[in-house]
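Written below as structure tokens is the structure these notes are about.
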Amino acid sequence: MPVAAFFVLVSMTTIAQKQLTLHYDKPAANWEQTLPLGNGRLGMMPTSGITDDQITLNDITLWSGSPQDANNYDAYKKLPEITQLLLAGKNVEAQNLIDKDFVCKGPGSGGKQWGCFQTLGNLNLKFDYGNADASAYTNYHRRLSLNNAIATTSYKVGTTTYTREYFTSFSGDVDVIRLTADQPGKLNLSIAMDRKERSTTTTKGNTLQMQGRLDNGTDGNGMQYIANAKVKLSGGTLTADDNKLVIKNATSAIIYLSATTDFRDADFKTRMTQNLTSSMLKPYEQLKKEHIAKFQKLFNRVTLDLGKTDDSETTDQRLITFHNNPDADKLLPVLFYQFGRYLSISSTRVGLLPPNLQGLWANETHTPWNGDYHLDVNVQMNHFPVEVNNLSELNLPLVELVRGMVKNGERTAKAYYNADGWVAHVITNVWGWTEPGESASWGVTKAGSGWLCSNLWDHYAFTDDKAYLKSIYPILKGSAQFYNSILVKDPKSGYMVTAPSSSPENSFMMPDGSGRHASICIGATIDNQIMRELFANVINASETLGIDPDFRAQLKKRLTEIPPAGIISKDGRIQEWLEDYAETEPTHRHVSHLYGVYPASEITADGTPELAEAARKTLNVRGDDGPSWSIAYKLLFWARLHDGNRAYKLFHELMKPVTATGINYSAGGGIYPNLLSAGPPFQIDGNFGAEAGIAEMLIQSHEGYINLLPAIPDCWKAQGSVKGLKARGNFTVDITWKDGKVISYLITSPQAKKVKVKVNGKFEVINSHKSLS
């Protein structure tokens, strides 16, 4: 039976969504059980306790530290000696020299000036139920609606039912909490704000205010912040007492909290007041309606249906049930996928910062790994899903972060390599850090800038926006200029290679039998793959824009001189390094030498079958466990290799319930009860990586055509549909399937044009339908 390519005039922004809800029957016992709310700038996570509701507050711009220049401007003088040691096979000696003279000046990411993303503090609600026994509460329900970006809590104490409704307004840019009792005069509570350090809380009239200043790492006068809370009452009284607001005998109360920082905003206090005032002037239902409409404009672009399942269990119990029997719950993958899209929408917005290691949610003043931007997979993974999952504009904050790194990166390129262009290494922050880290074993990996350029290119590939391409071309070109200018010839292989090089955070055994190990080498595979992708993209961009023919010719020549995308080792795997070294840790969490599989398209199941088979062997040796982000990355690899069942096995591996919060670098990743991914601790990249992986199982477009259901697992084959996914070339795709076969599909684009599609294993060339704007 032929596939029907239905071209129906529909608006992809008005797709009806099934109700998608996280729900629980008890308060959050710890932060990892709280429900995340956010509007791209502000965040809230309430515990929703009966007598105490601690609501963790966040502002994505709240960072300690300050700009600094930690470049060692004499480092380039050591580069010839480092290179000669590496070419002579003296990797350990080269690494020791790098530790001495080729890392950043000062303590790097361990220093106060580097800074970290920090919690804004806590809003504390303490409830008084009079003579009623609060411990005997009944009918407790705690929910997060992904459809509306609203959390609710309801319960009964005595004969009174209490309800709380929380949202971080997308329209008013404030936190909003409505408290109600179904009997008049039964609402009694106090409202306080606190922070572990560097804060002062006061009351001014009936306004609760917290403000302070973080440490900049030099004179202590770092970023300033302020948060004001005000209340609207129905019935009862509101007073200020001992730096708290006290509500007595009310029937309902609406708390509005406005917070700002002086990050790129000298007039932040005025903006805080304006947001608070304008939001309070609107009726509550209007503010809520505007919030939902603005959120749904993004969220409702994509729907996914994998069939019907009983979802009456609480979400934490569903997680346990799913891990024991993944075939029993087809809706949990849908919920987790859409939760990922929800997190993207909630944790970034155009004009601000991209999501960091924790998105925009943190409950500490010193977040794990500084809550910064790791450039050797993590921040990139945060953005893996946004294009394919129809949230393309949410890539733009990362673009601007990278644009702000270029000038610093040019200084770093000169200081360490006497090179053209710009470079960034393994880590960055909001202050534009591009220097190497403080240790040779991980800090001189220079794949960061090239990898970031891949994310930037993806936005062009999916949108086909020539004006955007013109704006990012200098960034891409500068990165290519750097790699092009640092290459040296390896006399053993004849290839032009990077030196020094390293494969992110991994090490190898020296082949001399000494038992020593090293991380520093020449021509690590990830460098070669990134260069091949970057050079090809710059060549493409140059041709599209009609500029830089001479540089284009240089890059074309370079592509014939650098190592191939993969070299197969004697045991059939992709070599991680140019030399076939033995890994010190065969199951290491990073699988950087498969960058060519994903996000790049250097190694593909159909185009390079031998390398694809070597990639499979690599993954089998690496194993399926790891921190959550590592499991998610392996899921993506298997999806790209068209093994849907193995990809789904990785999804099942990722979805194991976890409660631990200590730092983990190896096996044991999973999911917290609130569906946030656990490294542990909480790291949001696992959520985003798995979300991207689910999309890759349903659609791929990296090989020059749109491939429908390229890696659908057996358990999803019975029937299903997805609407609103994006493909490269600015196509929007709907798919319906039954028994693992596509039975209908729809491809739209701003202008009708020919497109090559792979459907049920066969190629078709069709005309897309012009979409409605």
Do we have any residue at all in region 79-101 that's of a type in the set (D, E, K, R), part of a loop (DSSP other than H, G, I, E, B) and modelled with pLDDT of 95 or more? yes
Name the residue that is nearest to residue 464 (Cα to Cα), counting only residues in region 545-592 that are open to solvent by 60 Å² or more (accessible area, probe 1.4 Å) and polar (S, T, N, Q). 554
Looking at residue 390, is it over 30 Å from residue 54 (Cα atoms), touching a residue at least 12 places away in the same chain (Cβ under 8 Å), of a type in the set (S, T, N, Q) and out of contact with any strand residue (DSSP E or B) (no Cβ under 9 Å at 6 or more places or on another chain)? no
Tell me whether region 505-519 contains one or more residues that are touching a Pro at 6+ places or on another chain (Cβ under 6 Å), part of a loop (DSSP other than H, G, I, E, B) and either small (Gly, Ala, Ser) or in contact (Cβ under 8 Å) with a residue 40 or more places away in the chain (or both). no
Exclusive hit being open to solvent by less than 20 Å² (accessible area, probe 1.4 Å), within 22 Å of residue 683 (Cα to Cα) and touching a Lys or Arg at 6+ places or on another chain (Cβ under 6 Å), set 370, 378, 389, 382: 389
Condition first: without any contact (Cβ under 8 Å) to a residue 60 or more places away in the chain, hydroxyl-bearing (Ser, Thr, Tyr) and touching a Leu at 6+ places or on another chain (Cβ under 6 Å). Now tell me which residues in region 309-368 satisfy that. 309
Has region 674-689 got at least one residue that is out of contact with any strand residue (DSSP E or B) (no Cβ under 6 Å at 6 or more places or on another chain) and of a type in the set (Val, Ile, Thr)? no
Across region 256-275, what is the number of residues that are open to solvent by 30 Å² or more (accessible area, probe 1.4 Å), touching a residue at least 24 places away in the same chain (Cβ under 8 Å) and either closer than 18 Å to residue 171 by Cα or among the hydrophobic types (A, V, I, L, M, F, W, C) (or both)? 1
Say whether the condition of being surrounded by 16 or more Cβ atoms within 10 Å (Cβ to Cβ), touching a helix residue (DSSP H, G or I) at 6+ places or on another chain (Cβ under 6 Å) and at pLDDT 95 or above is met by at least one residue in region 232-255. yes
Residues that are open to solvent by less than 10 Å² (accessible area, probe 1.4 Å) and among the hydrophobic types (A, V, I, L, M, F, W, C), drawn from region 717-732: 722, 725, 727
Selection from region 168-183 of residues that are in a loop (DSSP other than H, G, I, E, B) and buried (at least 22 other Cβ atoms within 10 Å of the Cβ): 169, 170, 172, 173, 174
Looking at region 136-161 only, could you name the residues that are open to solvent by 10 Å² or more (accessible area, probe 1.4 Å) and either touching a helix residue (DSSP H, G or I) at 6+ places or on another chain (Cβ under 6 Å) or free of Cβ contacts under 8 Å to residues at least 40 places away in the same chain (or both)? 136, 138, 139, 148, 152, 154, 156, 158, 159, 161
Failed condition for residue 295, given (1) over 25 Å from residue 674 (Cα atoms); (2) of a type outside the set (S, T, N, Q); (3) touching a helix residue (DSSP H, G or I) at 6+ places or on another chain (Cβ under 7 Å); (4) assigned to a helix (DSSP H, G or I), with all others met? (1)
Residue in region 671-684 that is surrounded by fewer than 24 Cβ atoms within 10 Å (Cβ to Cβ) and within 21 Å of residue 301 (Cα to Cα) present: no
Testing residue 488 on (1) under 23 Å from the mean Cα position of the chain (by Cα); (2) open to solvent by 10 Å² or more (accessible area, probe 1.4 Å), one condition comes back false. Which one is that? (1)
Can we say residue 454 is modelled with pLDDT of 95 or more, closer than 15 Å to residue 401 by Cα and within 26 Å of the chain's Cα centre (by Cα)? yes
With the requirement that a residue be among the aliphatic types (A, V, I, L, M) and more than 30 Å from residue 97 (Cα to Cα), what does region 516-564 give you? 536, 538, 539, 541, 545, 547, 553, 555, 559
For region 71-114, enumerate the residues that are within 27 Å of the chain's Cα centre (by Cα) and open to solvent by less than 20 Å² (accessible area, probe 1.4 Å). 104, 108, 111, 114
Restricting to region 642-667, name every residue that is open to solvent by less than 40 Å² (accessible area, probe 1.4 Å), without any contact (Cβ under 8 Å) to a residue 60 or more places away in the chain and in a loop (DSSP other than H, G, I, E, B). 658, 664
One residue is enough: does region 682-695 have a residue meeting the conditions within 14 Å of residue 758 (Cβ to Cβ), in contact (Cβ under 8 Å) with a residue 24 or more places away in the chain, assigned to a strand (DSSP E or B) and hydrophobic (A, V, I, L, M, F, W, C)? no
Run residue 352 past the list (1) open to solvent by 30 Å² or more (accessible area, probe 1.4 Å); (2) in contact with a Phe, Trp or Tyr (Cβ under 7 Å, 6 or more places away or on another chain); (3) in a loop (DSSP other than H, G, I, E, B) and report the number of the one that doesn't hold. (2)
Being farther than 13 Å from residue 172 by Cα and part of a helix (DSSP H, G or I) is the requirement here; does residue 289 meet it? no
Which residue is farthest from residue 217 (Cα to Cα), if the candidates are limited to region 23-70 and must be part of a loop (DSSP other than H, G, I, E, B), of a type in the set (A, V, I, L, M) and open to solvent by less than 10 Å² (accessible area, probe 1.4 Å)? 35
Residue pairs qualifying under the 9 Å Cβ cut-off, at least six apart or on distinct chains, with the first in region 481-493 being farther than 15 Å from residue 84 by Cα and the second being open to solvent by 50 Å² or more (accessible area, probe 1.4 Å) and part of a helix (DSSP H, G or I), are 482/410; 484/554
Of the conditions (1) more than 24 Å from residue 192 (Cβ to Cβ); (2) part of a loop (DSSP other than H, G, I, E, B); (3) open to solvent by less than 40 Å² (accessible area, probe 1.4 Å); (4) at pLDDT 95 or above, residue 12 satisfies every one except a single condition; which number is it? (4)
Filter region 733-749 down to the residues that are in a loop (DSSP other than H, G, I, E, B) and open to solvent by less than 60 Å² (accessible area, probe 1.4 Å) and list them by number. 740
Return the total of residues in region 606-622 being open to solvent by 20 Å² or more (accessible area, probe 1.4 Å) and touching a Pro at 6+ places or on another chain (Cβ under 9 Å). 2
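The values are calculated or read from the model by the stated rules, or taken from the named source; none is laboratory data. Because the structure is a prediction, the values reported are computed rather than measured. Note that each Cβ is placed from the backbone with ideal geometry, even for glycine, and that neighbours are counted across all protein chains shown. Heavy atoms of the whole protein, side chains included, go into the accessibility calculation; ligands, DNA and RNA do not. Shrake-Rupley method; radii C 1.70, N 1.55, O 1.52, S 1.80 Å.
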